[in-house]
Amino acid sequence: MVKLELTDLNQGSIFIGDKLNIRTKFNFEEETDIFWSGIRLVTNPPCLKELQVSKEEIFSKGHFEPGEYIREKSLLIKSNIVPTIKNRNLNYSLKLILRQPNPINPEDDLIINKTHNVEIKARNSGLQAKTPKPISFSISGLNILLTKDIFKPGETIKIGYESEELKQLEIRLLQNSNLVCYCEAYGQSCRKVEELPPAIAGDVKTQNFDKEFVLLKVPEVAEPSHNYLWSPSEKDQFGFKYGAYTKWSLLIIGKKKPEYGLEPIKLEIPITITSGPITEKRVGLDLFSEGTAGASSVFDGISKFQKTYKVISIDSDIDKYILKIKNISKEDLHGVTVKVTGLQESIFETAPILTGFNTWKKGEEKEIIYETKQDVTALISILEDNNQQNIRIQSPVSETSFFN
């Protein structure tokens, strides 16, 4: 029996560019073998049941003593990830997954998971705002003037006009929004993404050509302009793209006086709606900025934890290495896992094996057997425990191969 707990340290929301920090707790009530455990950030495109956006391993294949194992992990929310858009059902969830051998059907793994919803937010300071530009044009006897092309939700757009040939002028504020989903299963475009006509978010009409301007208000709840597109890095998902867009425009419709013809004037002018300061300059995401706080460094804890354990010896036998390690710290360690992998030609790592110890008493020696049919020059052992220590030791083995 295994009990899983998942705690979102960001409390359900995270900005793009930040780290999603997770605490996991595994309670094994008896000795347990697992194939893999980790956290996955997933979403659900229209044409797929589930799409993995990113993942982080917690435990590789291994064997655990009964007990409690607590691990904290982080997922970087990369800059190309599409933020949550609830009104188009673009949502995310975090899954804690544990895969175990199935004692009844070895070909069908047992999968235990915990799911938690996460809202991913766009960071305005990371977006590049365009410099506002005036719009002025003339077409078929109609002159239109806008002092700028970028507006905020709730702002009123002032549209100057002039014409001697029109009897009526109508201006519509249009919003064109939809999901973007390209996948090889459906050719180029996902058949389950319905083509949507632009929505009219505002409208103004006038027959008074002495007034010289009309006012059209942007709704307070107007969704800012965006064009997000994410593509996976995994090879098995190449050709897939997922995203969403919102485009805004002004549709100009002019009805002419009979003496100037019956064909109306129709023209669409793209504009931008932004929730951030219009004059804002791009703020790059600094690798060492506050947004990366909580990211673990390769050097974190080396001076503090370097005397936690020691490799006493490495012996070899047919198809296996016997690793003896000792707790040389001044305290007992709890929820310990030691992952062992082999190193070939100082570059390539062999498949890892994980061993979990509920309690490792100070001064106690442990023996780990690492089975492999490959000859290695060193063993790498990585210790983690419930205090989030993470220590890596590389130990050379005898140059004499024991393989026949």
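All of the numbers you see were taken from the coordinates with simple rules; none came from a lab. This is a predicted model, so every value here is computed, not measured. Every residue, glycine as well, gets a Cβ built from its backbone with ideal geometry; the counts of neighbours run over all protein chains shown.
Taking GluC sites (Glu not before Pro) in DSSP loop conformation with at most 12 other Cβ atoms inside 10 Å as exposed sites, the chain has its longest uninterrupted site-free stretch at 235-330. Between the alpha-carbon centres of region 314-366 and region 1-68 there is a gap of 23 Å.
Listed by Cβ neighbour count within 10 Å, with the fewest neighbours leading, Ile14, Ile318 appear as Ile318, Ile14.
Give me the percent relative contact order of the chain, please, defined on Cα pairs under 8 angstrom at least 6 residues apart. For the chain, the relative contact order is 15 percent.
Residues Trp360, Trp230 in ascending order of nearby Cβ atoms (within 10 Å, fewest first): Trp230, Trp360. Sorting Asp149, Asp210 from the fewest to the most surrounding beta carbons within 10 angstrom yields Asp210, Asp149. Remark: spin-label model distance Lys266-Ile347 equals 6.3 nm, labels positioned 7 Å along the Cα→Cβ axis.
Please work out the FRET efficiency for the pair Ile112 and Asn44, using the Cβ-Cβ distance as r and a Förster radius of 30 Å; give the result to the nearest 0.05.
0.90
Taken along its three principal axes, the alpha carbon spread of region 2-123 comes to 45, 30, 19 Å, from the longest extent down to the shortest.
Just subtract the alpha-carbon distance of Asn387 and Ser138 from 0.36 nm times their residue separation and send over the number in nm, one decimal. Provide the component values of the computation, followed by the final result.
Values: separation 249, 0.36 × 249 = 89.64 nm, distance 7.03 nm.
The Asn387-Ser138 span can extend by a further 82.6 nm.
Modelled this way, with points 7 Å down the Cα-to-C-beta line, the labels at Ile328 and Ala199 are 6.6 nm from one another.
Whole-Hz Karplus values for region 247-252 come out as 10, 10, 7, 10, 9, 9 Hz, taken residue by residue from phi with 6.51 cos²θ - 1.76 cosθ + 1.60 and θ = phi - 60°; glycine and proline positions read x. With no solvent and one point on each alpha carbon, what is the Debye value of log10 I(q)/I(0) for the chain at q = 0.12 Å⁻¹? One equal scatterer on each Cα of the chain leads to -1.04.
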